[in-house]
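Notes follow the structure.
The values are calculated or read from the model by the stated rules, or taken from the named source; none is laboratory data. Everything numeric in this text was worked out from a predicted model, so none of it was measured. Cβ atoms come from the backbone with ideal geometry, glycine included; neighbour counts cover every protein chain shown. What goes into the accessible areas is simple: the full protein's heavy atoms, side chains included, and nothing from ligands, DNA or RNA. Shrake-Rupley method; radii C 1.70, N 1.55, O 1.52, S 1.80 Å.
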Protein chains: 2
Amino acid sequence: MARGKHTREEIRQLAIDVAEQCIVEHGMQGMNARHIAKEMGYAVGTLYQVFKSMDLLIFEVNMRSLLALEKKLRSAAQDATHCHAAIEAMVMRYVDYALQETNRWQTLFEHRLPEGVELPETYQKHRAQLFRLLEEQLKCAYPDKFDKDIALEARALWAGVHGICTLALLNKLDDDGLNIKDIVQTLLVRFNTVGGEV
Amino acid sequence: MARGKHTREEIRQLAIDVAEQCIVEHGMQGMNARHIAKEMGYAVGTLYQVFKSMDLLIFEVNMRSLLALEKKLRSAAQDATHCHAAIEAMVMRYVDYALQETNRWQTLFEHRLPEGVELPETYQKHRAQLFRLLEEQLKCAYPDKFDKDIALEARALWAGVHGICTLALLNKLDDDGLNIKDIVQTLLVRFNTVGGEV
DNA sequence: GAAGTAAAGTGAACACCGTTCATTTTGTCA
DNA sequence: TGACAAAATGAACGGTGTTCACTTTACTTC
């Protein structure tokens, strides 16, 4: 071992911290190796000894975002008194996340690792977990449905909400005078998950 | 006037042709000024006399994609015998477009003009037209609904389908063994637009 | 024809990007 | 102290988009 100011792991975390801040403030584009290195107080070379590429650094930020999102949704579900309310709460919490932490959310869904680089298993596990959270509540709401149908419903609803957020944030909804949350509510009504009766 | 091989407008169209081909074959990333210029048989400088920036060139390709998509959806609606069928046909045509012309479709929705550059009015008009096509059919399917509710329904359904396509193409649906079209059908069922009865 | 002119076309050059790697600095231990 | 290897460096490379002083060309006028 040599040099001592920070351990390898500390430098790694420092890099993720700085990258995260860049992304939150200026989006994925507003982040570059030289700027991050300078902000860390190290040279670019050091950054590259800890991350093979900038893509992998962005990925680590996305990992944090994913875990934070999962936590939010889980707590939304737990606070609800019954499954329909849980579904609505999770959906709304998701919309809030997209609207409030826009840059973080957009990076989470727009960034792609270069071809050939596979996502770590843990990442995929946590992403699948988001669907599972919804599936649990749907299973409770519709106990008679087959698992496969529950899976389909979960994906249709989740992707639907996601699509509304995507288009809304890109101003591609042509929604003069329409409230995003009203559009989401419209979708929720279609899934019979709004209005109260258990 | 001077020089004659091509008029300014011909060069413009030539550039869009080449850019379109690049995008179709390799996606938005697989396109760059030098390559396009070489393929056109001109120098980069000439390209920049016709397009202020590469972003505006991509935009022109997107304009073409948008018009093509609009045409497809319009014909899908016209071929249908009643409004529920029209809605289903349009949605499925949209999914086909996303799945078959993936690079074109992704560029259409992922590309953003730099801040400060506004979308031309004609573009916005055609994009709004996509929603209007769906609204027409929804209006026919649900004649008692208010216009505002129709607008909400159109956006919820459209964005929903869009979200499914987005996540499916990015492999972010965690859909082991699930068919994308089945997920879309699930969404359609929720909107009561599948199954036949008028 | 020749000279003049302005449009059309050029491509080297600039600034910035991710990435690499020969080189230097530094802490540790014999 | 000297030797060694890990840690850290930053100039350099190849790739972007973009610019603009310059050259080439076609047309007009004499």
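Candidates A:14, A:169, A:89 compared by Cα position along the dipole of the protein assembly as shown: farthest toward the positive end lies A:14, with charges placed on Cβ. Projecting the Cα atoms of A:156, A:75, A:48 onto the charge dipole of chain A (Cβ charges, centred on the Cα centre) puts A:48 farthest toward the positive pole. When chain B is treated as a GNM, springs tying every alpha-carbon pair under 10 Å, which of B:163, B:177, B:45 comes out with the largest mean-square fluctuation? It is B:177.
Classified by the C-alpha gyration tensor, the protein assembly as shown has an oblate form. Its axis ratio a/c, with a ≥ b ≥ c, is 1.5 or above, and a/b does not exceed b/c.
Rounded to the nearest 0.05, what FRET efficiency do residue A:189 and residue B:118 have when you use their Cβ-Cβ distance and R0 = 45 Å? Efficiency, rounded to the nearest 0.05: 0.85. Over region B:92-185, the ratio between the Cα radius of gyration and 2.2 N^0.38 Å evaluates to 1.24.
Extension gain for the segment residue B:182 to residue B:26, taken as residue separation times 0.36 nm less the Cα-Cα distance, is 53.3 nm to one decimal.
Using a cut-off of 28 Å between alpha-carbon atoms, which lysines can reach residue A:148, once sequence neighbours fewer than 8 places away in the same chain are excluded? Excluding near neighbours in sequence, the set is A:71, A:72, A:125, A:139, B:172, B:181. Cβ screening of chain A for cysteine pairs under 4.7 Å finds these without a partner: A:22, A:165. Annotation: lysines with alpha-carbon distance below 25 angstrom to residue B:5 (same-chain offsets under eight excluded): B:38, B:52. Computed in the context of the full set of protein chains, the accessible area of chain A at 1.4 Å probe radius has 49% of its extent on carbon or sulfur. All alpha carbon pair distances within chain A were sorted into 5 Å bins beginning at 0; the resulting P(r) in whole percents reads 1, 7, 14, 16, 16, 14, 11, 8, 6, 4, 2, 1, 0, 0. Rounded, prolate or oblate, given the Cα gyration tensor of region B:18-110, with a/c below 1.5 counting as rounded? Judged from the Cα gyration tensor, region B:18-110 comes out prolate (a/c at least 1.5, a/b above b/c).
Chain B versus the axis that turns it onto chain A: the residue with the nearest Cβ and the distance in whole Å amount to B:163, 1.
Based on Cα contacts under 8 Å between residues 6+ apart, chain B shows a relative contact order of 21 percent.
Given the options A:66, A:57, A:119, state which has the largest fluctuation in a GNM of chain A using a 10 Å cut-off (strictly under) for Cα springs. Result: A:119 has the largest fluctuation of those listed.
In the complete set of protein chains, residue-level accessible area for residue B:14 is approximately 50 Å², probe 1.4 angstrom. Of all the options A:146, A:131, A:51, the one that moves most in a Gaussian network model of chain A with Cα springs shorter than 10 angstrom is A:146. P(r) for region B:1-51, from all Cα pairs and a bin width of 5 Å, is 4, 22, 32, 23, 12, 4, 2, 0 %, short bins first.
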